[in-house]
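Reading through the structure tokens given below for one structure.
The values are calculated or read from the model by the stated rules, or taken from the named source; none is laboratory data. For clarity, every value in this text was computed on a predicted model and none was experimentally measured. No Cβ is skipped: glycine too gets one built from the backbone with ideal geometry, and neighbour counts run over all protein chains shown. The area values use the complete protein model at the heavy-atom level, side chains included, leaving out ligands, DNA and RNA. Shrake-Rupley method; radii C 1.70, N 1.55, O 1.52, S 1.80 Å.
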Amino acid sequence: MAILPVRTIPDPLLKIPSPQLRNITPEIVTLAADMCATMRHHPHCVGLAAPQVGKNVRLIVVDVSRYHKPHSNHGHIVLANPRIITSDGRRTGREGCLSVPEFTGNVTRAERILVEGIDPRLAKDLHLELDGFEAVVFQHEIDHLDGILFLDRVSSIKTDIFRRKTADS
Amino acid sequence: MKTNSKHFAAISVMGKDRPGIVASITRVLFKAGCNIEDSSMTRLRSEFAMIVLADLPPRLDSAALQKLFVPLQEKEGLSILVRGITATEEKRGKSAWKSHMLSVYGADRPGIVYRISRILAARRVNITDVQTNKRGSAYVMLLEIELPKKLPLKSLNATLQKEARALHVNIGIRPVESPQL
């Protein structure tokens, strides 16, 4: 397993949508293992998408159990061709990204999602019902596969605590 | 000015960052009987800046308040400017505006802020909050803007996307969301 260098903006590869994986090759299984190693190498990293390590393929790894606050989660997940089937609810939370160093922003996303995909290690279809922080991480990583960064979804600067007032409000 | 109407001042402060600036400024305001209403304070690398909107007591005007800051300006090397706000300025512009978030990012080059803000100014779009950050070769700018109600988002976005291609940056615009829970 290798720790891969992480691409950061303005690397144009991050903005390119990735095509579906047609079959799960041994290279993909190796890439997944390397992405997991890379995720673990970065202390606060809870998810990584293949474009972040320079590969335009639809592959993500997530492990929310690494996060210091307790969240309901499925532990360590590797997913190829992930697809959001349904989503509902809304939540706004602060996000950061290894590919956008030193920046965080508030993003509004679905509270609950149903995700399908293939676990390349087991060559098995997965159906995951996700909510809360884990659902947010999956939406963030799947966005990467479509060339979308959280900067494209930031809902407000710095903080939502005080909405900027108009002069007389 | 009517005796019972509030009068305000905007106080801007800039100086090299260190512990104690906020305490020094607010001590003067407190002793003078001012009440801080809204404020924004931040550090940019080594510089600290604040804007404070304060409600002034009846017998204190902005010129007198400015004088109270003279010792601080001299002793602590702070740039302090007090500007009186008239009641009519305070009342300006009840929301004929729609708040939007604009994000711009890509490889840094001179002129990004100017070329985007020029487009906004020409369409009477008001910028209310901006943060820019340069890290290595990457440049990120986030703006909160107010669109005149009669300006269609679609046409503004089309102009911005054209500029994005010319500048080789990514530009996104979307309404500011404030979900009520």
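Quick one: count up the residues across segment A:69-88 that are loosely packed, with under 14 Cβ neighbours inside 10 Å and either within 13 Å of another protein chain (Cβ to nearest Cβ) or among the aliphatic types (A, V, I, L, M) (or both).
1
Check B:PRO175 against each of (1) within 30 Å of B:ARG18 (Cβ to Cβ); (2) at pLDDT below 95; (3) not charged (D, E, K, R) and name the one condition it does not meet.
Of the numbered conditions (1) within 30 Å of B:ARG18 (Cβ to Cβ); (2) at pLDDT below 95; (3) not charged (D, E, K, R), the odd one out for B:PRO175 is (1).
Can you find, within segment B:82-105, the residue that is modelled with the highest pLDDT among those that are out of contact with any helix residue (DSSP H, G or I) (no Cβ under 8 Å at 6 or more places or on another chain) and among the hydroxyl-bearing types (Ser, Thr, Tyr)?
B:SER99
Right, A:ARG91: buried (at least 17 other Cβ atoms within 10 Å of the Cβ) and within 14 Å of chain B (Cβ to nearest Cβ) or not?
It is true that A:ARG91 is buried (at least 17 other Cβ atoms within 10 Å of the Cβ) and within 14 Å of chain B (Cβ to nearest Cβ).
Among the residues of segment B:148-179 satisfying the criterion of being more than 13 Å from chain A (Cβ to nearest Cβ) and of a type in the set (A, V, I, L, M, F, W, C), which is farthest from A:THR108 (Cα to Cα)?
B:ALA166
Give segment B:137-162 a look and list any residue that's open to solvent by less than 60 Å² (accessible area, probe 1.4 Å) and either outside any helix (DSSP H, G or I) or among the charged types (D, E, K, R) (or both), or say none.
B:ALA138, B:TYR139, B:VAL140, B:MET141, B:LEU142, B:LEU143, B:GLU144, B:ILE145, B:GLU146, B:LEU147, B:PRO148, B:LEU151
Can you name the number of the only condition in (1) farther than 23 Å from B:ASP38 by Cα; (2) touching a strand residue (DSSP E or B) at 6+ places or on another chain (Cβ under 7 Å); (3) not in a helix (DSSP H, G or I) that B:LEU81 fails?
The one condition B:LEU81 does not meet is (1).
Pick out the one residue from A:ARG83, A:ARG91 that is of a type outside the set (A, V, I, L, M, F, W, C) and more than 13 Å from A:GLU134 (Cα to Cα). First the steps, then the outcome.
Numbers: A:ARG91 fails: more than 13 Å from A:GLU134 (Cα to Cα).
The conditions single out A:ARG83.
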